[in-house]
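See structure below.
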There are 4 protein chains.
Amino acid sequence: MVALTIWNEYRHEREHDAVGEVYPDGIHATIAGALESDPERDLEIRTATLDEPDHGLPPDVLEKTDVLCWWGHEAHDEVADEVVARVQERVLEGMGLIVLHSAHFSKPFKRLMGTSCDLQYREDGGRERLWVVDPGHPIADGVAESFDLPRTEMYGEPFDVPEPDRLVFVSWFEGGEVFRSGCCYRRGKGRIFYFRPGHETYPIYEDENVGRVLRNAVDWASPTEGSPRTFGKRD
Amino acid sequence: MVALTIWNEYRHEREHDAVGEVYPDGIHATIAGALESDPERDLEIRTATLDEPDHGLPPDVLEKTDVLCWWGHEAHDEVADEVVARVQERVLEGMGLIVLHSAHFSKPFKRLMGTSCDLQYREDGGRERLWVVDPGHPIADGVAESFDLPRTEMYGEPFDVPEPDRLVFVSWFEGGEVFRSGCCYRRGKGRIFYFRPGHETYPIYEDENVGRVLRNAVDWASPTEGSPRTFGKRD
Amino acid sequence: MVALTIWNEYRHEREHDAVGEVYPDGIHATIAGALESDPERDLEIRTATLDEPDHGLPPDVLEKTDVLCWWGHEAHDEVADEVVARVQERVLEGMGLIVLHSAHFSKPFKRLMGTSCDLQYREDGGRERLWVVDPGHPIADGVAESFDLPRTEMYGEPFDVPEPDRLVFVSWFEGGEVFRSGCCYRRGKGRIFYFRPGHETYPIYEDENVGRVLRNAVDWASPTEGSPRTFGKRD
Amino acid sequence: MVALTIWNEYRHEREHDAVGEVYPDGIHATIAGALESDPERDLEIRTATLDEPDHGLPPDVLEKTDVLCWWGHEAHDEVADEVVARVQERVLEGMGLIVLHSAHFSKPFKRLMGTSCDLQYREDGGRERLWVVDPGHPIADGVAESFDLPRTEMYGEPFDVPEPDRLVFVSWFEGGEVFRSGCCYRRGKGRIFYFRPGHETYPIYEDENVGRVLRNAVDWASPTEGSPRTFGKRD
């Protein structure tokens, strides 16, 4: 059993009608739906949002979270530094972190990467094709060699992140750009997966291949016991 | 269920009394014992040796092998290139490969690494201490922060291998050397783990931590389905 | 002063009129021209071809070569294993190796990578755009953020190579594919750069950005003294 | 010409007699001496300390700094976050950063790594031997295969940093520990080198091999022009 917490900024859906129509219960509910759809995976799913106390992530919730999934877009700066520090600490202890789309600019991701995490973008509704460049990676399990998303916001290189430990997906965009769309990192004992697809008005998380990637990513990012880590003075 | 094939040169044990006393049924039998000792792991273990036809590795055996464990020492050159090519091809398709101790000089490892795989050594029976440098890695699951092997053959740097994808263990030797003792690689869809400990007269594979590492390595190296790989001309 | 040897199969140009017209003196001469064009770089350029004795690469030539540039396409199998072993050994000692386009299937590259080096391709003359994904890399020095090659042969993922140490370029193709087009590796003390662009009938090596990349790659791949490597028995 | 700024906390030397005796002009002066000793390298050296305004690192100084060398120990927390942000930004733009010994806990290094950077230590004055594990790396140029520091403070694994892009040195300690002592990273366009040796009372920076490593590291970390990085909206 994997305890998954899906965090969503949850502002767009309440403030913009166009977003609310696509995600009437919030993007977190749609992501939860994509993840629940596989009966072979035993997930306990919880959601948390920005406007809850502690952004829904008090210490005891993070403590029992195996994998945290993060969506944010327009209110990154409103996330309290104290909560960011707690997320970082839990990742270093082994909690998995899945960072989606515009959360490339979220505080937890930027703090764990140490870079600006900046990129190029264009909101043109063009076609994206994701290619698997690491077909042996567990996050690519059962995913097609390539798959198309018909209408997307473009994200383009350069993507200012550390060279990924493993690069799983590279995106091709109709307008002439490429992007490293699936990037794996380890920080401390924790596993981090950045996955580009997602949008507040295009229903990306209903795509079958995207759902498969998300479910694989939760499996991959789940903590392993590992070996003890003791720091400080030795006798 | 994981289908594991343990390959052993199986010459030392028959030719040298000192080796035969430590490993009366061959090192492969001792390794098999270390791997079988965990009831939670469902392994189907097969062994193969140099002097069998096809070195015990005809195509149908490799075809049904999930993870191949390789031990060799004095007769690397007698392994037929045709069998080496078959092993390489199966690794690229997803078969795991665990390379032990003096098999750093085995043909399959050298071919998959592309380097000389050379190192320094001294047979002095000194103490080795292995440190986990990647405590979040599944191969380190349940392994102590460090553990000692009281009598070993020293292997020292430089170790002429490609920079590992993940470095899990670094050894300290009483005589003043260090060694990258647990190195993870991916080649094609296959996972490769080089693990330094082992010897033809010191009973290394009876050590509890070593056994744990081997069992973890078999899990880690087991194939995942992944994504299709199609090569060649596209329409 | 860098001693550069440009190796060319040199068959196409003599056998096919269409190729001979684009490269009347052989592709090696065109590559040499692209490299000579920078007065700030002090290169001593030599060429070698398949049909010379020892393929133009006897031990003394390799011994004094700092960087070897390799082009081959239809006659990979005719390269003698002995010469391949010599090239590999020299790379491990520190000689740089630049592998161009269809030389992904050359024996030296396959031996140093340990994988099949296979890929997808389509000869359609479509447009390619190369994006710099590692703008801090010396091979990208002075290269535009992206640049176009108007008519190319497409190479697509999956590209069966080890995960590069550094990925410098990713190509976008008009027909919908992507490719890791600039891949850096270290093997032993030697530096290896695979660069995708090139073709036997499209005049790719006359492009200004391609020339810049080649000149940067020669600089980057040039040997450094490094630290001694001693292998074998220690007292 | 490389513009090098050596930053030193500069408290120990003024507050503790034992430290002041070893470093009468501050550790920064000793490091500067080690770097100046090579007539082939054209360095413009500047120093900066904690108690100067802006810690000696106002924007215009950072702007003209090619490589920043950082020493700190007991007052990491007194470094202003604003200066840390400026250092991080300059690294992402291409400035090199050399992080020495106890500066593993400095704010700039922790921010760029995204991890705790914690480790084990023991102040016992025991012997350290550094082994070159990447003999082809430019930072190891002209450095012995291994070299000893007779009296050191021990730093031991696990070292909570991201897996280095290249691991150049591994230390062996008399007391039984190992440590990844020379770690290379790229962040944005900038190069970062963490080097373990150093101490406030042992005269580590007067060692010849250590000096050679520092000089090589300055060369390696110097900015390259690279390719433009443009972020934000594309038309």
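Rule-based calculations on the coordinates, nothing more; no lab input. Computed from a predicted model, the values in this text were never measured in an experiment. Glycine gets a Cβ as well: all are built from the backbone with ideal geometry, and neighbour counts include every protein chain shown.
Taking A:Gly94, A:Gly175, A:Gly190 in turn, the Gaussian network model of chain A (Cα-Cα springs below 10 Å) assigns the largest fluctuation to A:Gly175.
A Gaussian network model of chain A, with springs between Cα atoms under 10 Å, assigns the largest mean-square fluctuation among A:Arg122, A:Arg111, A:Arg46 to A:Arg122. Counting Cβ atoms of other protein chains within 10 Å of each Cβ in B:139-147 and taking the mean gives 5. For region D:158-199, the C-alpha radius of gyration sits at 1.25 times the compact-globule guess of 2.2 N^0.38 Å, with N the residue count.
State the percent of C-alpha pairs, over all pairs in the protein assembly as shown, separated by a distance greater than 47 angstrom. List each step's numbers first, then the result.
Values: 105476 of 441330 pairs.
So the pairs more than 47 Å apart make up 24 percent of the total in the protein assembly as shown.
Here region B:121-161 was treated as a single set of alpha-carbon atoms; its pair distances binned every 5 Å from 0 give 6, 20, 20, 19, 22, 12, 1 percent.
Thinking of region C:1-138 as a set of Cα atoms, what percent of all their pairs are more than 23 Å apart? Walk me through the numbers on the way to the answer.
Values: 3706 of 9453 pairs.
Here the tail beyond 23 Å accounts for 39 percent of pairs.
Only bridges whose two residues both fall in chain A count here: according to DSSP, what percent of them are antiparallel, nearest 5? Kindly include the intermediate steps, with their values, before the conclusion.
Working: 25 of 45 bridges.
Roughly 55 percent of the beta bridges in chain A run antiparallel, per DSSP.
Our Cα-only numbers for region D:133-235 put the radius of gyration and Dmax at 16.3, 61 Å.
Counting only alpha carbon atoms, the long axis of helix D:27-36 and the longest principal axis of chain D meet at about 80°.
Remark: mean inter-chain Cβ contacts per residue of A:183-193 equal 4, using a 10 Å Cβ-Cβ cutoff to other protein chain atoms.
Mean shadow of region A:66-192, computed from the convex hull of its alpha carbons, in nm²? It would help to have the intermediate numbers written out before the result.
Working: hull surface 31.4 nm².
Approximately 7.8 nm², given one-decimal rounding.
Taking chain B as a Gaussian network of alpha-carbon nodes connected by springs under 10 Å, the highest mean-square fluctuation of the residues B:Thr115, B:Thr152, B:Thr49 belongs to B:Thr115. Taking a cut-off of 12 Å, what percent of all Cα-Cα pairs in region D:12-67 are separated by more than that? Across region D:12-67, Cα pairs with separations above 12 Å total 72 percent. Considering only beta bridges that DSSP places wholly inside the protein assembly as shown, some 55 percent are antiparallel. Annotation: lysines with alpha-carbon distance below 26 angstrom to A:Lys233 (same-chain offsets under eight excluded): A:Lys189, D:Lys107, D:Lys110. Using C-alpha pairs under 8 Å with a sequence gap of at least 6, the mean separation divided by the residue count of chain D gives a relative contact order of 21 percent. What does the helix-only formula give at 222 nm for the protein assembly as shown: each DSSP H stretch with n ≥ 4 adding -39500 (n - 2.57), the total divided by the residues, and the result rounded to the nearest 500 deg cm²/dmol? Here the helix-only value at 222 nm equals -7000 deg cm²/dmol.
Our Cα-only numbers for chain B put the radius of gyration and Dmax at 17.0, 63 Å.
Given the C-alpha centroids of region A:114-182 and region D:1-42, what is the distance between them in whole angstrom? Result: 46 Å between the Cα centres. With the convex hull drawn over the C-alpha atoms of region B:40-84, the volume per residue is 83 Å³.
The angle separating the long axis of helix B:81-93 from the principal Cα axis of greatest extent in chain B is about 80 degrees.
Between helix C:208-221 and chain C there is an angle of about 10 degrees, using the helix long axis and the longest principal axis of the Cα atoms.
A cut-off of 5 Å between modelled amide H atoms, ignoring neighbours fewer than 5 places along the same chain, links C:Thr47 with C:Ile6.
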